[in-house]
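This report refers to the structure that appears directly beneath it.
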Amino acid sequence: MLRRSLPLQLRLIQSSTTLSPVTLTITPTTITQPPKSVTLTSSSSSAESFLPPLLSPSTYLHHLLPTQYPSSVTASYASYAVPQFLSATASSTLMVLSTHSLLLCLYPSTPTLAPAAAALNWVIKDGLGMLGGIILNSKLGQIKGLDSNPKLYRLISGGLLDASFYLDLCSPKFPGLFLPIACVSNMFKNVSWLTASASRASIHNNLSLKANLADVTAKSGSQSVAASIIGTMGGVGMGMWFGGNWEVTIGVAVGLSVVHQGGNWWSLRRLGVRNFNRERLGRVCDVYFDKNVVEDPEGIKHLEAFEPWAKKWESNIRPGVNIQEMGWGEDDVEEWRKNGGEYRIVDDKIVFLESAENEDVVKAFLVARGEEVGRKIGVEEAGKFIDDVKRQGWRMGEGEVSVESEGGWRVRIEE
């Protein structure tokens, strides 16, 4: 059967090509064996399957990434998580070195106490941190910006933590002041950990897409533990190597601090927050007036100024003022009651009814900003703006819009 099929195959090739019969040679080898290139391609495509399970990256990433990653989180997740991991690793190493310095202050004749420093590090973090948290937790809950501006407070948290490390590192130079230095350092650590915990909750909420906040939070905890293990091992090794040399320790600490602060800042700069504060909503409105499009959180993150030193979005708009500041009389209030509407704008001041929802707040802010820059926004355009805002992934649920002035006054007009 093989010999009978050869002529037919030869005729088909000759009819569809211009090659001469002399160059066409068919041998049993070409029929029974595939080309070598095919064999090489097949083996290279399955080369990963020959890796031992312990060497396969998927074996470990499976435990560190949220379920159904990347579709279960926002586009900012990877660019946020990777620098945070590096930052946490450097911070853990720095913490071991700083604790080692505290021990050197107490026991200056024993320079190689890195293993004990690593153990005491956990005691200080978990024990004194919880004790200080009892007092500070109630105060932090009153800070409104933790939800609306988590990136700022996450940045402040990192700065406080490094400040506590430097106090610990300086303790060997001032052994007589060990107690006050240690107390102030622990206070900074407590404030830092609680602020980071509170702001991290808001960040995880912004990263989750499929009602998977618990999964995102749990995997973030796993990443922190992994970074802590690596950083602690590095700190133990460094402490045993040059722990008795204070000048070298300070130099290494400065480098670790740069990695810690730089990684923290870079991850926050790459994070898109999907709720509105005054800064983000103002940027969205200005982009809309300039380009007639509503930018999504991933686009606004490059414009947002959350750092304390950055130039903030500027405007004279004052949403949620007390009605007494409007200079109204009874006739003005009666006119509002008859005409209806959830808000009124007078110059740069906005007053809201008690029944106003977040969509009304965003509309009023858009209209007021339009008046400020010389653009008239009608009812229909404001409604379309709200639809585009939702379509672009911005959240306007309860607690997701924080643009009103301090106090957030609302008006109730009784019939």
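The table below lists the values:
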{"read-out": "Residues whose placed amide H lies under 5 Å from that of Tyr343, excluding near-sequence neighbours", "value": "Leu353"}
{"read-out": "Listed pairs Lys151/Lys390; Lys291/Lys338; Lys219/Lys301; Lys219/Lys291 exceeding 27 Å between Cα atoms", "value": "Lys291/Lys338; Lys219/Lys291"}
{"read-out": "Values of log10 I(q)/I(0), in the order q = 0.17, 0.22 Å⁻¹, for segment 139-250 under a Debye, Cα-only, solvent-free model", "value": "-0.97, -1.22"}
{"read-out": "Exposure proxy order (Cβ contacts within 10 Å, fewest to most) of Arg375, Arg270", "value": "Arg375, Arg270"}
{"read-out": "In order through segment 224-240: 3J(HN,Hα) via Karplus (6.51 cos²θ - 1.76 cosθ + 1.60), integer Hz, x for Gly, Pro", "value": "5, 5, 4, 5, 5, 5, 5, x, 5, 4, x, x, 4, x, 5, x, 6"}
{"read-out": "Stretch gain in nm, segment Asn316-Val346, where the contour uses 0.36 nm per residue and the Cα spacing is subtracted", "value": "9.6 nm"}
{"read-out": "Gain upon complete extension [Val293, Ala218; 0.36 nm per residue less C-alpha separation]", "value": "23.4 nm"}
{"read-out": "Spacing of the two label points (7 Å from each Cα toward its C-beta) at Val82 and Leu61, in nm", "value": "1.0"}
{"read-out": "Cβ-based exposure ranking for Leu353, Leu104, in which fewest neighbours within 10 Å come first", "value": "Leu353, Leu104"}
{"read-out": "FRET efficiency estimate (nearest 0.05) - Cβ-Cβ, Ile250 to Glu357, R0 41 angstrom", "value": "0.15"}
{"read-out": "Kirkwood Rh, Cα atoms: Rg over Rh of segment 311-405", "value": "0.96"}
{"read-out": "Per-bin percent of Cα-Cα distances, segment 218-316 [5 Å]", "value": "2, 10, 14, 16, 12, 10, 10, 9, 7, 5, 3, 1, 0"}
{"read-out": "Residue-span extension gain [Glu371 to Val225] - 0.36 nm each, minus C-alpha spacing", "value": "47.5 nm"}
{"read-out": "Using distinct alpha-carbon pairs, which all enter the 1/r mean, Kirkwood radius of segment 335-382 in Å", "value": "11.2"}
{"read-out": "Positive minus negative residues near Val216 (Lys, Arg vs Asp, Glu; Cβ under 11 Å)", "value": "+2"}
{"read-out": "Order of His260, His204, His62, His100 - criterion: other Cβ atoms within 10 Å of each residue's Cβ, fewest first", "value": "His62, His204, His260, His100"}
{"read-out": "Cβ-placed point charges (K, R +1; D, E -1), dipole of segment 320-412 about Cα centre in debye, nearest 20", "value": "340"}
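Laboratory data are not the source of any read-out in this text; all were calculated from the coordinates shown. None of these values were measured; they are calculated from a predicted model. Methodologically, a virtual Cβ is constructed for each residue, glycine included, from the backbone with ideal geometry; neighbour enumeration extends over all protein chains shown.
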